[in-house]
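Down below is the structure, laid out as structure tokens.
The values are calculated or read from the model by the stated rules, or taken from the named source; none is laboratory data. In this text, all values refer to a predicted model and were calculated from it rather than measured experimentally. Glycine gets a Cβ as well: all are built from the backbone with ideal geometry, and neighbour counts include every protein chain shown. Accessible surface is based on the protein model in full, side chains and every heavy atom, while ligands, DNA and RNA are left aside. Shrake-Rupley method; radii C 1.70, N 1.55, O 1.52, S 1.80 Å.
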Amino acid sequence: ALGTRTAWLLAVASSQQLPPGAGVTLAAPARVAVVDLQALAPQLGETALGVRRIGDRLELGAVDPGGMALMVPASEPRLVTVASSATGPEVDVAVPAGQTQVVDVGWEPVTLRAANGRHWVVPELSDEEQGWLESALRTSASGGLLPAQEVPQLARVISFGRDGDGQRVPVVGAWLDDVDAGPGVLARTRALPASCVGALVVHEGRLAGVVKQAFEERSNLELGSVRMLVDNRPDALVRARGSTVGNISVQLLPASLGAAVLVSWGPSDARHHLLVDGGPRRSAKTVIEHLHKALGPQGRLELLAVTHADADRVEGAGAVVDALPSIGDIWFNGPEQLRERFGVTGAHSMAVERFARQAGHANRLFSGQPIVVPPQGPFPRIELPGGATITVLAPDERSLAALAASWNRAAEKRSISKSSAAVDEYPVEELPTEKSGRRPPKFGTDRSVNNGASLVLLFECEGRSVLLPGDAHAATLVNVLRRLAAERGRAGIFVDVFLMPHAGSRGNVVPELFDVLEAGTYAVSTDGSTFGHPDPETIALIARRAQGATLAFNYRSKSTEPWASEAFQREHRLRVVLPVHEMPGVLLQVGDAGPVGSSAA
């Protein structure tokens, strides 16, 4: 009986209802099919299945760097349907954990389908690209022409980049050993050359190095050809083999009650960095010390994004501007950016005015104008070096207009009282606290206009994603995520890391948020001082709606340590991560087995 398909399905179903390790694990019967899981798929969690195409082969499972991660139902083994002209009828492939299955798929498009209804298309090598590749191989072969039938065998050079729409596309080409320039790849691709830098290169099924430079080449073969120079030194190969998919890290710096989040990506010898917010004045020195350590002596920030004009975000950001010699751009909807379009006459506090002076000409990528999301059409999407993109989901016109009106009123009051020299470290719009006896009665009660005008940023790179919402209102998050899901043709949005808005305050979340958003890790940045965040109601909501996820805190405090109990983790099937010992801060390696520099309680 234990060898039947029914027994296996019962074991898979029960594993989702029991604490980790308490279920029964059965070997899958022969010829188990994706259709067998369809009835269970809505109740199963999801897990990553690695997929890598190398020429006419498709690898599934524990693939080497250079692959993608597809989210499939969490069964053991994982099941996926593969369809291509080379396989003939559809093939159901079972992939046990830690193993790799190889399927011959030819050069045509390949469709993958999972039991949860998700499907993916791996693009083919077009006739144009096949012909170009054949010519390139013939030209590069020393002195002779290669038979056409040998082209597929020798064309197993593959990498990835992004096209003009920001979509991840394959780069397939011919390996070249140039005496002067060194090893490289001559490719025909829809990817933009700049987006290929930092990508891994696979040659004949083996990791060959990392793209260190890419540029368009006007060859006699075809305009728009891309030549990529490859770093294949032994140390570069070692780093590449040890990298995770996308090689992205998210560091929650110790920023007291505020937030300072450093997102890094790219190869270890050419890292790119994004800093979102800088924390309050009291933690600025510590944040800068961590930044210097992470960036190195020659490191620079591609972007400093300050989500909104609260002191626990702008004060530390100003110190960062003074401390770092090179920042690519600064994003901030300050008084100067809002003056012309929204009629702002002054800021609501001296802290904001001071940061506005330090930031100088912010929003250069937006021509110095406010960062605002249009009411219709696609969300603004900005490309960053190393193949990363940022999609701006908020604020909208209405929230910035409300912010401008609030600032003008605050500036007028300060002028009348002549008390501009006094600076409140924390704005009056903060949520009521337990100390005041006015805790909000329910979810989603934040009405701060500063928080409502927060930048909401979705960072994406190599199939990985981080959602950084500032202190946005709960209704705003639900609405923009529904709009983004519709724009991308999805039922909802999955991100690898979601930084909880407003340090986990229940005033900035609602149960409906979890209907449209799912995250692998829910991260909380706060030391719990002043406002006692995160609120217990927020953590309880995550525990009910996000079983199987990870909770990460960047401080050990009386408001975070209770959630690390073994009983809580076991009951709710959550993994809770706290900083090592008493040292604050936590580093998340996105897509890796777990955080680095922290301990799972």
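Observations, loosely collected:
- Test: residue in the range 397-415 that is over 18 Å from L304 (Cβ atoms), surrounded by fewer than 18 Cβ atoms within 10 Å (Cβ to Cβ), at pLDDT below 90 and basic (K, R): yes
- Criterion: small (G, A, S) and in contact with a Leu (Cβ under 9 Å, 6 or more places away or on another chain) - qualifying residue of A311, A317: A317
- Any hit, the range 475-494, residues being over 25 Å from R282 (Cβ atoms) and part of a strand (DSSP E or B): yes
- From the options E537, E460, residue that is modelled with pLDDT under 95, charged (D, E, K, R) and in a strand (DSSP E or B): E460
- Filter result for the condition that a residue is assigned to a helix (DSSP H, G or I) and of a type in the set (S, T, N, Q), over Q337, Q376: Q337
- Of residues in the range 351-363 being at pLDDT 90 or above and assigned to a loop (DSSP other than H, G, I, E, B), the one surrounded by the most Cβ atoms within 10 Å (Cβ to Cβ): A362
- Only one of V306, V372, V314, V321 that is surrounded by fewer than 21 Cβ atoms within 10 Å (Cβ to Cβ), at pLDDT 90 or above and in contact with a helix residue (DSSP H, G or I) (Cβ under 7 Å, 6 or more places away or on another chain): V321
- Which listed residue, of A7, A11, A30, is assigned to a loop (DSSP other than H, G, I, E, B) and either open to solvent by 60 Å² or more (accessible area, probe 1.4 Å) or without any contact (Cβ under 8 Å) to a residue 24 or more places away in the chain (or both): A30
- Residues satisfying the stated conditions in the range 283-327, i.e. of a type in the set (A, V, I, L, M), over 25 Å from N451 (Cα atoms) and in a helix (DSSP H, G or I): L291, A294, L295, A323
- Criterion violated by S465 - all others in (1) among the hydroxyl-bearing types (S, T, Y); (2) at pLDDT 50 or above; (3) part of a loop (DSSP other than H, G, I, E, B) satisfied: (3)
- For I330: the one exception among (1) buried (at least 18 other Cβ atoms within 10 Å of the Cβ); (2) in a helix (DSSP H, G or I); (3) out of contact with any Phe, Trp or Tyr (no Cβ under 6 Å at 6 or more places or on another chain); (4) aliphatic (A, V, I, L, M): (2)
- Among the residues listed as L384, L365, the single one being of a type in the set (A, V, I, L, M, F, W, C), under 24 Å from L291 (Cα atoms) and touching a His at 6+ places or on another chain (Cβ under 7 Å): L384
- Test result for L18, part of a loop (DSSP other than H, G, I, E, B), surrounded by fewer than 19 Cβ atoms within 10 Å (Cβ to Cβ) and without any contact (Cβ under 8 Å) to a residue 40 or more places away in the chain: yes
- Scope the range 342-401; condition touching a Ser or Thr at 6+ places or on another chain (Cβ under 7 Å) and acidic (D, E); matching residues: E383
- Taking the criterion of being open to solvent by less than 20 Å² (accessible area, probe 1.4 Å) and modelled with pLDDT of 85 or more, the only residue of the range 341-350 that qualifies is V344.
- Filter pass, R570 being outside any helix (DSSP H, G or I) and among the basic types (K, R): no
- Candidates P536, P579, P469 - the one that is within 18 Å of L257 (Cα to Cα) and touching a Gly at 6+ places or on another chain (Cβ under 8 Å): P579
- Taking the criterion of being open to solvent by 50 Å² or more (accessible area, probe 1.4 Å) and touching a residue at least 60 places away in the same chain (Cβ under 8 Å), the only residue of the range 265-281 that qualifies is R281.
- The number of residues in the range 385-399 that are in contact with a helix residue (DSSP H, G or I) (Cβ under 6 Å, 6 or more places away or on another chain) and in a helix (DSSP H, G or I) comes to 2.
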